[in-house]
Amino acid sequence: MPAEYLCEIVLESAPDEKSYLRALPVVQYLIQNPRLVLDAPVTILVGENGTGKSTLLEAVAVACGFNPEGGSRNFNFSTNDTHSELHGCMRIVRRAFPKDGYFLRAESLYNVATNIEQLDRQRGFLPPLVESYGGSSLHHQSHGESFLSLVQNRLGGNGLYLFDEPEAALSPMRQMTLLSEIDRLVKSNSQLLIATHSPILMAYPDSCILELSEKGIARVDYKQTAHYRTTREFLDNPERMVHYLLDT
């Protein structure tokens, strides 16, 4: 493994018993199994809605010093303070420190883009931050275009990068583009932790796929994931699946 910026996630204390976090399968699992080892350049968190993928990723990001709504460690804006206290219960184990890092959330990219413009107005004569994002305002691009522009221009390698459901901004073709960008970053000594529902992104070679479910966290092969199997079943015979789902 070329980068060891994030080796282990250790849950050192359980969330308050009255917290909603105690109902999340991922938290219940970590209370019983408090050490989660990350031993691949790309670790992918998969699972059904409500299992705690984004909550875990957010907690890791905050524990690593990132802004809960996204951005680099230099971002400290808050549009809506809704992140959980899970980060305060965990410890991050690492053997190296990255030169770069970014927490990229598809759902709050608009807020990040707004903060970039606000910071550029405040910086005055200094080189504008937007130059690091391709030179064009992220607000002047579509959601998917701005997402890829950020990845292609701002993320330079030697970094720890956390992506939360990036496929929400991207067409299938652009998800393939992102797959090649992930490879670029890995080959530039980077480590990525990605929460996703995309079978395209899950296909990254030699990634560690951790499936979150009511049973806990299990390492699985790509073709064992429910996302792959369900998507393949649908595409193999969409007419039959639609007939079944719509009871026509």
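With every protein chain present, what is the per residue accessible area of the stretch 183-240 (1.4 Å probe, Å²)?
55 Å²
Looking at the stretch 165-235, which trypsin sites (Lys or Arg not before Pro) are DSSP coil and have at most 16 other C-beta atoms within 10 Å of their C-beta?
Passing sites in the stretch 165-235 are Lys215.
With 28 Å as the limit, write out which pairs from Lys18/Lys99; Lys99/Lys215; Lys18/Lys215 have Cα-Cα distances beyond it, or answer none.
Long pairs (Cα-Cα over 28 Å): Lys18/Lys99; Lys99/Lys215.
Using +1 on the beta carbon of Lys and Arg, -1 on that of Asp and Glu, and nothing else charged, what's the dipole of the stretch 10-68 about the Cα centre, debye to 20?
Once rounded to the nearest 20, the dipole reads 40 debye.
Skipping prolines and chain starts, which residues have an amide H placed within reach, meaning under 5 Å, of the one on Gly101, given they are 5 or more residues away or on another chain?
Leu160
Under unit Cβ charges (Lys, Arg +1; Asp, Glu -1), what dipole magnitude, rounded to 20 debye, does the stretch 134-248 have relative to its Cα centre?
The dipole of the stretch 134-248 has a size of about 300 debye.
Would you pull out the residues with amide H under 5 Å of Cys64's amide H, same chain only if 5 or more places away, H placed 1.01 Å from N?
none
Hand me the GluC sites (Glu not before Pro) from the stretch 193-248 located in a DSSP loop with no more than 16 other Cβ atoms within 10 Å, in residue order please. Before the final figure, lay out the partial values.
On the way: sites: Glu211, Glu214, Glu233, Glu239; in loops: Glu214.
Counting only loop positions with at most 16 other Cβ atoms within 10 Å, the GluC sites (Glu not before Pro) in the stretch 193-248 are Glu214.
Starting from the eigenvalues of the Cα gyration tensor, five times each then square-rooted, give me the equivalent ellipsoid semi-axes of the stretch 154-214, largest first, whole Å.
18, 15, 11
The values are calculated or read from the model by the stated rules, or taken from the named source; none is laboratory data. Small disclaimer: the values here were computed from a predicted structure and weren't measured. Cβ coordinates were reconstructed from backbone atoms using ideal geometry, including for glycine residues, and neighbour counts include every protein chain displayed. The protein model used for the area step is the full one, side chains on, heavy atoms only, and it has no ligands, DNA or RNA in it. Shrake-Rupley method; radii C 1.70, N 1.55, O 1.52, S 1.80 Å.
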